[in-house]
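In what follows, a structure is listed as structure tokens, so that the remarks can point back to it.
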Amino acid sequence: MQSSFRFLASMLVVASLSLLVDGSPSGAAAAAPSNCASTQVTLSATASQSTYSTGTPVVITVRAHNHSARACSYALGPFSPNYVLTNAEGATVWGSCWFGGEPAPCALYLLHRTLAPGATYRDRLTWDQRSGHPDVAVPAGRYTFRVNVDGVAPRATAHFILTRLAG
């Protein structure tokens with residue numbers, strides 16, 4: 001009984017593999033366009049504010065805009081988009097695969113996507129100004145957010161400052 005279950009489970013994984021790799025249910029997707037080049041795609045990361053006070057969620061918007069007349073491809077999955085938020089000393093306080101205030105395993109999937117001419121990929125991230133285990137508020141200071149998307153040549157950076165309210 002247990003070996004039949006394992007066989008059935010492994011067949012389901014194999015059958016769904018094409019969906020996870022190319023994003024289409026049939027698995028018969030046409031050849032993907034080449035990776036997005038820095039000459040055709042602009043990657044940006046923008047903080048919603050330049051300064052945040054205690055308790056205000058930090059909101060970062062990541063955009064990859066295809067300003068060319070050609071479609072290109074990028075990957076979404078375990079490490080894409082890959083982002084890291086560091087403090088002024090360069091220590092990581094938040095990242096792509098983060099849970100409970102510290103680095104954690106990423107999801108195990110990979111989606112291949114096409115960015116059509118004139119299209120924009122958007123991702124909106126919210127950080128609660130907490131890090132570590134146990135999860136505690138980070139100190140005031142300057143922070144740097146860096147992001148890259150697999151298949152998109154350029155990288156993007158955003159800077160902001162955390163302040164503490166006088167109390």
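The values are calculated or read from the model by the stated rules, or taken from the named source; none is laboratory data. Please read all numbers here as calculations on a predicted model, not as lab measurements.
Brief remarks on what is shown
- For segment 98-123, a tally of residues being part of a loop (DSSP other than H, G, I, E, B) and at pLDDT 75 or above returns 4.
- When Thr61, Thr46, Thr56, Thr126 are checked against the criterion of being of a type in the set (S, T, N, Q), modelled with pLDDT of 90 or more, outside any strand (DSSP E or B) and closer than 30 Å to Leu165 by Cα, Thr56 stands alone in meeting it.
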